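Structure first, commentary second.
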Amino acid sequence: MEKVVKSANEAAEQIIEWGESHKIETCFDRAEKMKPCPIGASGACCRICHVGPCRLVGQNAEEEGRGVCGATLPTIAGRNFLRMAVAGSAAHSDHARDMAFTLLAVANGEASDFKITDVKKLYRVAGMLDIEFGNGRPINNVARDVALKLIEDFGRQKGEINFIKRAPKKTQERWKKWGIVPRGVDREITESMHRTNMGVDHDPDNLLLSALKVSLADGWGGSMISTDITDILFGTPKPVKGEASFGIFKEDEVNLVVHGHEPSLAEMIVDVVNEPEMISYAKSKGANGINLGGMCCTANEVLMRHGIPTAGGFTNQELAIMTGLVDAITVDVQCIMPALVELSKKFHTKVITTSHKAKIPGAMHIQYDEHRAKEIAREIVRTAIDNYANRKAEGSHVPDKFPVIAGFSHEYIEYMQGGSWRASFRPLNDAIMAGRIRGVVGLAGCDNPRVPSQGLHRFLAIELIKNDVLIVSTGCGSAACGTAGFLTPETALEYAGPGLMEVCEAIGIPPILHLGSCVDNSRILTIATAMAEEGGLSDEIGGMPAVGIAPEWMSEKAIAIGCYFAASGIPVIFGGESPVEASKEVTRIMTGVWFERFRGALHFEPDPEKILALALDYIDKARETLKLRKYEPGKFGAERVLMDMAARREIEKGAKPHLGIY
Ligand code: NFS
Ligand code: SF4
């Protein structure tokens, strides 16, 4: 029998195999045993009232199938889909709310372990919110006003979410025309839940517009708020070096992993592991030091800002424990497998939950509180240190690791294209217009045990850059690229098409730019807006030679992201089987109708070759509509440079890290 590859990540595969030989079960084994229910998976099962569940199956289900109440298949599939978008938006936005209250506590002097790290960013955001800054106004007062104004975005009943006005005018006009400008985050979430109640909204188009509206409240609300506040509190990322994969764990040091999504506690832990008293405490317990690593999106946050190494994304979490080297793993919210706790009992690892919102039976709980952040961080680090001596010999440590460059905030991307004085998106737009860069793809989303995990990310990353497509990546997509060794400038030399390679060399960037965590997909919206405003391409986000791809998505959060990209004008392709597969009508609305109205769409396509072809087709058609030069593979050679030498020197003069760090 041919061996089934469970992960495309070789180190992961080795650990999985070791687990199999030791009868240790992982999500990969459970995915094999637990086949998804085909009725539910395709959106054809309604279980929103207790008359059902009603399953609409059979040849003519779309035309003739009815639930007990008379609901049609398009209603049921649309309603199920809307609920996914709501849940995803709620998750990102509730995380954002915590960030906003942390900023408020800092501004009020109630969270003295934190400070405002990026005053420039605070002022920029204050400017967008019409809040007075500078002229001797105390920074904390500005921060308080910013926090309060952004907190209003959650509970606002009428009007518009603040950051809606950051979008290009034309994009906003489309939203107005179709009635999907979100008012307040919580209002849209509540209203959508109401609409999906038994006996309320039955029009699939109307339900799907609601999915776009609530998701816009995430993208231009929750997620954007989270990104901005995180930058204000902890610094706007700029390129840093880090490492990825299981080889980041050290045999002779205390290994502590931060896993989840909210960066506040992780930031404190970064501080605490460097405290001399902590280090000597670790030494007193026989370790040579304390080694901090990350997992999932918390990893992305601390990698982007501090170069903390990452053990990878979603499907790597159990495998990290199976190395036998993790003394403690601290988790907050989202994408945490409850299986960690059972698994940890086979090793010595302590699983520590830290949020009242996310507890797991059997785990240790240390409640996080931003008012006592450092004290709590110390307690966690000490717990890890105390557990070092309990390490058992068993485990499958695979010492592979790869260098990564991360930290491409939109501010930095602008800066790298012209230095402090001439920061702009001109060079990027010019390169796209000329056809050196064929287009831009946001490669994002989860990794998934139902496919050779991380394999679709790897395949698409390489094929896209070969085709001169610049990639911006986030979330576990970034982790998949990082643990494959793709997040380095050398990747350009090895794989990128000649046009893209030239641009990468001229600016000094890798062909895959790690933009951060999943809430940082909002950075892609900001970049697309800047490109529209720079001129020469589309004058709105829609119509850009840009596509979003989440080839291994699994989380409802990914659905929210897909929807706000689509509503903003970016066609999106998700891998895997469609959660609305059962309804042709719903599929037609999400592709054709949405494209007509918003110039974005949401496709589901399990075949990676077809994902690639569809993405390139969208890009080429957008180029054609914009009357850009036809993209010709191999047209540009290495001898041609993007900018003249004077422009390049200008960049190098002002350059902080990017040219020096590699
Ligand atoms: Ni995004 Fe980040 Fe990863 Fe998927 Fe989960 S960690 S928020 S949801 S699995 S990319
Ligand atoms: Fe069935 Fe209608 Fe109840 Fe859904 S809402 S479970 S279709 S009766």
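Taken together, the values in this text are just the output of simple stated rules run on the coordinates, not laboratory data. Predicted, not measured: the structure shown is a model, and the values here were computed from it. Cβ sites come from the backbone with ideal geometry, for glycine too, and all protein chains shown count toward neighbours.
Data overview
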item	result
For segment 149-210 versus segment 411-456, the gap between their alpha-carbon centres in whole angstrom	28
Distance from segment 217-250 to segment 563-636 (C-alpha centre basis), Å	27
Burial ranking of peptide ranges 241-250, 196-205 (average Cβ count within 10 Å, highest at the top)	241-250, 196-205
Cα-based convex hull volume of the chain per residue, rounded to whole Å³	157
Over segment 402-651 - Rg/Rh using Cα atoms and the Kirkwood inverse-distance radius	0.95
Footprinting exposure proxy for Cys54, Cys37 (fewest neighbouring C-beta atoms within 10 Å first)	Cys37, Cys54
Which of Cys335, Cys69 has the fewest Cβ neighbours within 10 Å, and the rest in rising order	Cys69, Cys335
GluC sites (Glu not before Pro) restricted to DSSP loop in segment 99-193 with at most 16 other C-beta within 10 Å	Glu110, Glu132
Relative contact order for segment 383-518, counting Cα pairs under 8 Å that sit 6 or more residues apart, in percent	30
Per-residue ³J(HN,Hα) for segment 30-45, Karplus 6.51 cos²θ - 1.76 cosθ + 1.60, θ = phi - 60°, Hz, x for Gly and Pro	5, 5, 5, 6, 9, 7, x, 5, x, 6, x, 4, 9, x, 9, 10
Val472 long-range amide H proximity, modeled H, under 5 Å	Val441, Gly442, Leu443, Leu513
Packing-based ranking, highest mean first, of 175-187, 210-222 given that Cβ atoms within 10 Å are counted	210-222, 175-187
The chain - percent relative contact order, Cα under 8 Å, separation 6 or more	17
DSSP-defined beta bridges in the chain - what % are antiparallel, rounded to 5	15
Most to least packed among 411-419, 264-272 [average Cβ atoms within 10 Å]	264-272, 411-419
Entries in Lys241/Lys350; Lys121/Lys466; Lys33/Lys374; Lys115/Lys557 that, when Cα-Cα distance is taken, lie over 31 Å	Lys121/Lys466; Lys33/Lys374
Cα gyration tensor of segment 246-390 - equivalent ellipsoid semi-axes, whole Å, descending	19, 17, 15
In segment 147-225, lysine pairs closer than 20 Å at Cα, eight or more apart or cross-chain	13
Placed amide H near Phe574: partners under 5 Å, 5+ positions off or other chain	Ala550, His603, Phe604, Glu605
FRET efficiency for Val68 and Asn274, using Cβ-Cβ distance with R0 set to 56 Å, rounded to 0.05	0.35
Ellipsoid semi-axes in whole angstrom, largest first, where each is sqrt(5λ) of the Cα gyration tensor of segment 73-234	33, 16, 11
Candidate lysines for bridging to Lys630, where Cα separation is under 16 Å - those fewer than 8 sequence places away on the same chain excluded	Lys621
Glu318, Glu534, Glu262 arranged by Cβ crowding within 10 Å, fewest neighbours leading	Glu534, Glu318, Glu262
Dipole of the chain, positive end: most advanced residue of Asn162, Ala87, Cys27 [Cβ charges, Cα centre]	Asn162
Net dipole in debye of segment 246-390 [+1 Lys, Arg Cβ; -1 Asp, Glu Cβ; about Cα centre; nearest 20]	280
